[in-house]
1. Can Val240 be described as in a helix (DSSP H, G or I) and touching a His at 6+ places or on another chain (Cβ under 7 Å)?
2. I need every pair where a residue in the range 212-229 that is over 15 Å from Asp241 (Cβ atoms) has its Cβ under 7 Å from the Cβ of a residue that is of a type in the set (D, E, K, R) and part of a helix (DSSP H, G or I), sequence separation at least 6 or different chains.
3. Could you grab me the full set of residues in the range 142-173 that are β-branched (Val, Ile, Thr) and under 14 Å from Gly96 (Cβ atoms)?
4. What do you reckon, is His101 at pLDDT 85 or above, exposed (fewer than 15 other Cβ atoms within 10 Å of the Cβ), within 19 Å of the chain's Cα centre (by Cα) and under 26 Å from Pro58 (Cα atoms)?
5. What are the residues in the range 322-356 that are within 18 Å of Leu183 (Cβ to Cβ) and modelled with pLDDT under 90, if any?
6. Counting just the residues of the range 147-173 that are closer than 22 Å to Asp106 by Cα and aliphatic (A, V, I, L, M), which one comes out nearest to the chain's Cα centre (by Cα)?
7. Can you tell me which residue among Thr202, Thr215, Thr259 is within 26 Å of Ala294 (Cα to Cα), surrounded by fewer than 18 Cβ atoms within 10 Å (Cβ to Cβ), at pLDDT below 85 and of a type in the set (Val, Ile, Thr)?
8. Out of contact with any Phe, Trp or Tyr (no Cβ under 6 Å at 6 or more places or on another chain), assigned to a helix (DSSP H, G or I) and surrounded by 15 or more Cβ atoms within 10 Å (Cβ to Cβ): is that true of Leu279 in this structure?
Amino acid sequence: MTRCIGILAVASALVCHVAALCGQQAAGPPPTFRSATDVVQLDVRVVTREDWATVRAPMFRQLDLWVTSRNQPGQQLDAPSQARVANEVSFALALGGRVLHFNENDASRLFHVARDLVRPQGRGPTSANDLPGALEVATYRATLAMLYNLPNRADDYLDSIGSRIEALQRTPSGAALVARILLARVIVRDSRTLPFSRPQSTIESLSRLSSEEWTYRLDLSRTDAAFKNLPQVEELAAEVDVRRGVVMHRLGQNEKALTLLDGGISSATDSDVQYWAYLFKGRVLQALGRLGEATAAYRRALSIGPGYQTAALALAAALHAEGNFEEAQTHAASARAKLPDERDPWWDYWRGDRRLLGDLLSQIQAFGQR
């Protein structure tokens, strides 16, 4: 009985919320509604598969009506209207993030609702430093952050916003934000070339490669070209260098990999990017037989995050290979003692902006409070 009451309470709250949002006719101006923040927090905590089945139909019906109202010809995005749109975007994204765990199709539909709410209708390109443009880019980035574990859906979503990416990229202040969206497409491509490593081949043996190995190397070469063709944006240069260095290592071009990784280390201001660079530098140096330098690189990675498990394990393995068994055991024991949910930036390497998702959602919610 308590469970049923809980489900009905959630359903009632959600339905009342969207009814308040979209109770007017679609042809009129956007209706006035309260902030969705409280409802969004409730969704993230408690909505289950059973709850979603209860509210799904009325939820989509009302959200679709809201999109229709938002996209009426001549609809102006003044500050109050933009705040209302921001609240609905926040609501749809938070709910989609929850639904994603048990219904990918419905989550994808919610993400497209958010996309349709921020995509301009009958207007010229918006600048990414004004409210509509900034909200639009933050919405795209937050959605992609949720979709990194689902590469096919991430690619589909990127295709659906392709023309808008190009329009925003032409604005002076939009280049950095849009470059990160374009970077997402390359990261998704790169993630498809897993497993991480293959037997490395010399030039002399290329003629004897299997078709699978040829495909793998061709995919990596195309990924590297895609990284090189990204817009030149200073704040992303270090991350691009590091990711290219990893691709070169996987192609067996370790000297080129070292050059790119060192470039990333020298210019990175993001501690996560520095951590990735030192981890991979250690791996490359080990592949080159430079074990002492590899150990030093792993120590640098561990100094960035003394609790990071991957760096501790890599250092332990390198120390063991050097014959320093006592210190190796110390670091291995430290790594084993870490809790499963303790953060390690290595886990986010293939997930792009996933590590920034909380900040992006907070930014979108803040738009609704202006």
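The values are calculated or read from the model by the stated rules, or taken from the named source; none is laboratory data. Computed from a predicted model, the values in this text were never measured in an experiment. We place every Cβ from the backbone using ideal geometry, glycine too, and count neighbours over all the protein chains shown.
1. On the way: in a helix (DSSP H, G or I): yes; touching a His at 6+ places or on another chain (Cβ under 7 Å): no.
No; evaluated as a whole, the condition is false for this residue.
2. Leu220/Arg250
3. The first filter runs over the range 142-173 and keeps only residues β-branched (Val, Ile, Thr), leaving 143, 161, 165, 171.
Hit for the range 142-173 is Thr143, nothing else.
4. Details: at pLDDT 85 or above: yes; exposed (fewer than 15 other Cβ atoms within 10 Å of the Cβ): yes; within 19 Å of the chain's Cα centre (by Cα): yes; under 26 Å from Pro58 (Cα atoms): yes.
Yes, satisfied.
5. Scanning the range 322-356 gives Asp348, Trp350, Arg351, Gly352, Asp353, Arg354, Arg355, Leu356.
6. That would be Leu147.
7. Details: Thr215 fails: within 26 Å of Ala294 (Cα to Cα); Thr259 fails: at pLDDT below 85.
Just a single option satisfies the conditions, and that option is Thr202.
8. Values: out of contact with any Phe, Trp or Tyr (no Cβ under 6 Å at 6 or more places or on another chain): yes; assigned to a helix (DSSP H, G or I): yes; surrounded by 15 or more Cβ atoms within 10 Å (Cβ to Cβ): yes.
For Leu279, the condition - out of contact with any Phe, Trp or Tyr (no Cβ under 6 Å at 6 or more places or on another chain), assigned to a helix (DSSP H, G or I) and surrounded by 15 or more Cβ atoms within 10 Å (Cβ to Cβ) - is met.
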